[in-house]
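See structure below.
None of the figures in this text is laboratory data; all of them are computed from the coordinates on show. Remember, predicted model here, so these are calculated numbers, not experimental data. Because the Cβ atoms are built from the backbone with ideal geometry, glycine has one as well, and the counts that use them run over all protein chains shown.
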Amino acid sequence: MASQSVNLFPAMAVLILTLIPLHGFAQETGKTLIENTCKQTEFPEECISALESDPGSLSANLTGLTKIIIQQSASKLGQTITLVDTLVKNATEYLTWGFLMFCRDSYNISFNQIQNGLQAFDQLKYDESYKSVAGLNKAVVDCNNQQGLEILNQVNTALFRISKDAMQILDSLF
């Protein structure tokens, strides 16, 4: 009977050694998780840059990274609103002013939505959080469709890309 126990030991050892790397992958954090997560997005370089700019991302799991990229989207949106507000105040042509007002209003609505989306995220309502980020992404597309706003191309492109990546990462949570 003792010889049967001895014969099982090598099989159990192999099984345990096989499971250890799988456990490590499930708990993956740091640069490896950031890179693996961002590889799944449409704009991986921007995704990696956004996540690595937050020191908390190095110790975050996938859920934590998702929240960070949503927060980064909200931050980029806030910067864009400040820029658009300045452009509205300094616009000299009525048509340009009108298009800028459209963008500013859309972005202000999106800012409130993304704040609500962050609260929903904290309540594990990932679908609601996704909708808020998708609303931001739509606002960027709508603003980009306005004529004569080439001055916003660079910031709108950055905002579009980070919100698109946030949507793709969020989608992996539900």
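Table: residues versus (1) of a type in the set (A, V, I, L, M); (2) crowded, with 17+ Cβ neighbours inside 10 Å.
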residue	(1), (2)
ILE109	yes, no
ASP122	no, no
SER129	no, yes
LYS138	no, no
LEU173	yes, no
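For GLN72, the criteria (1) more than 11 Å from the chain's Cα centre (by Cα); (2) within 24 Å of PHE174 (Cβ to Cβ) hold in every case but one, which is (1). Of all the numbered requirements in (1) touching a residue at least 60 places away in the same chain (Cβ under 8 Å); (2) closer than 21 Å to GLU46 by Cβ, ILE68 misses one, and that requirement is (1).
Yes or no: the range 77-90 includes at least one residue that is small (Gly, Ala, Ser) and within 26 Å of GLU42 (Cα to Cα). The answer is yes; a qualifying residue exists. Scanning the range 140-159 for residues that are surrounded by fewer than 19 Cβ atoms within 10 Å (Cβ to Cβ) and either under 15 Å from ALA74 (Cβ atoms) or in contact (Cβ under 8 Å) with a residue 24 or more places away in the chain (or both) yields a total of 8. Set side by side, the residues GLU28, GLU35, GLU45 differ, and just one is over 10 Å from the mean Cα position of the chain (by Cα) and in a loop (DSSP other than H, G, I, E, B), which is GLU28. Exactly one residue among PHE160, PHE111, PHE102 is within 16 Å of ILE81 (Cβ to Cβ) and out of contact with any helix residue (DSSP H, G or I) (no Cβ under 6 Å at 6 or more places or on another chain), and that residue is PHE102.
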